[in-house]
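The values are calculated or read from the model by the stated rules, or taken from the named source; none is laboratory data. If you're wondering where the values come from, they're calculated on a predicted model, not measured in any experiment. Neighbour counts are summed over all protein chains in view; Cβ atoms, including those assigned to glycine, are modelled from backbone coordinates with ideal geometry.
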């Protein structure tokens, strides 16, 4: 099968390596031409140094060779770049199934799956506690594939003995989890940076997941989604792992560094910072009380003291 991956970052590359090992033909689109050429020639992604690109992976900065004769498309660009990327891809699309792997919301706090329905009648989401650094090495992982009819066939494309795929009908729930858990990871990083201890982190993770579930249910999600791999599983790995870029960003803020300086110094995108900007809109739209998610917004964008946020809960 020819599979196209839009996004040449760490997660796009890890998925490419994983699928290439299953003997699929992989074409990747990388925004920066020089980076695409270097990846293709050197068989190496600088954001994922442990991953060597097999020969059945090709990398381009032009959409046409990536999408020509494609049978399946994975979208793995930062969430705020999804819409512009799909407009670039539009002339070459032929209603192929699309899997959303980007974690976050589109403009106007819209679900990414709703954006994709403009381009395909068959849309799925693939989310879970799967750091690229481990998936590319073939370490045991589990993930959730959400969508309607056809997801059993998609599952077979991805699943191996060390890469387990759960199925879900809850497109809304897995996307709410994927987007909002990144906010919790930034908050956990802030607490680490300030040395506020493990008890506070356990509080934020537990209560924060309850807030995420509250938003999701108001949006139309299924309650059980938040207790599975896409919910609790992803919260655990994103909040605790050394690989978490969101946790790292928060930790640097917690140490007293300015947010803008932290983001400029990062090679990869901290989606939790982008998504946190949506919190006031979610409060307004769903009339929900989410003080931890709102608290992280206040820490990042109004410089509110994290200890004050915790005391006011």
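Based on this model, can you work out whether residue 175 counts as out of contact with any helix residue (DSSP H, G or I) (no Cβ under 6 Å at 6 or more places or on another chain), surrounded by 24 or more Cβ atoms within 10 Å (Cβ to Cβ), closer than 25 Å to residue 282 by Cβ and modelled with pLDDT of 95 or more?
Values: out of contact with any helix residue (DSSP H, G or I) (no Cβ under 6 Å at 6 or more places or on another chain): yes; surrounded by 24 or more Cβ atoms within 10 Å (Cβ to Cβ): yes; closer than 25 Å to residue 282 by Cβ: yes; modelled with pLDDT of 95 or more: yes.
Considered against the rule, which asks whether it is out of contact with any helix residue (DSSP H, G or I) (no Cβ under 6 Å at 6 or more places or on another chain), surrounded by 24 or more Cβ atoms within 10 Å (Cβ to Cβ), closer than 25 Å to residue 282 by Cβ and modelled with pLDDT of 95 or more, residue 175 comes out as yes.
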Could you pull out the residue among 36, 20 that is touching a strand residue (DSSP E or B) at 6+ places or on another chain (Cβ under 6 Å) and under 22 Å from residue 161 (Cβ atoms)? 20
Is at least one residue of region 188-198 in a helix (DSSP H, G or I), in the same structural domain as residue 290 (by TED's automatic domain parsing) and surrounded by fewer than 18 Cβ atoms within 10 Å (Cβ to Cβ)? yes
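Of all helices (runs of 4 or more DSSP H) completely enclosed by region 1-95, which ones contain at least 2 residues that are in contact with a helix residue (DSSP H, G or I) (Cβ under 8 Å, 6 or more places away or on another chain) and assigned by TED's automatic domain parsing to the domain that holds residue 162?
10-20, 63-67, 82-89
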Might you check whether a residue that is touching a strand residue (DSSP E or B) at 6+ places or on another chain (Cβ under 8 Å), at pLDDT 95 or above, crowded, with 22+ Cβ neighbours inside 10 Å and farther than 18 Å from residue 12 by Cβ occurs anywhere in region 145-161? yes
Those residues of region 275-293 which are crowded, with 20+ Cβ neighbours inside 10 Å and not in a loop (DSSP other than H, G, I, E, B), in sequence order: 275, 276, 279, 282, 292, 293
Take the conditions more than 17 Å from the chain's Cα centre (by Cα) and under 30 Å from residue 50 (Cβ atoms) and apply them to residue 188. Does it pass? yes
Suppose we filter region 227-236 for residues that are buried (at least 21 other Cβ atoms within 10 Å of the Cβ) and either more than 12 Å from the chain's Cα centre (by Cα) or closer than 13 Å to residue 210 by Cα (or both); how many remain? 4
Given the residues 208, 216, which is the only one that is part of a helix (DSSP H, G or I), farther than 21 Å from residue 310 by Cα and over 16 Å from the mean Cα position of the chain (by Cα)? 216
Test set (1) part of a loop (DSSP other than H, G, I, E, B); (2) surrounded by 15 or more Cβ atoms within 10 Å (Cβ to Cβ); (3) modelled with pLDDT under 95 - residue 263 fails condition number: (1)
With part of a loop (DSSP other than H, G, I, E, B) and either in contact with a helix residue (DSSP H, G or I) (Cβ under 7 Å, 6 or more places away or on another chain) or on the phi > 0 side of the Ramachandran plot (or both) as the only criterion, which of 103, 137 stands out? 103
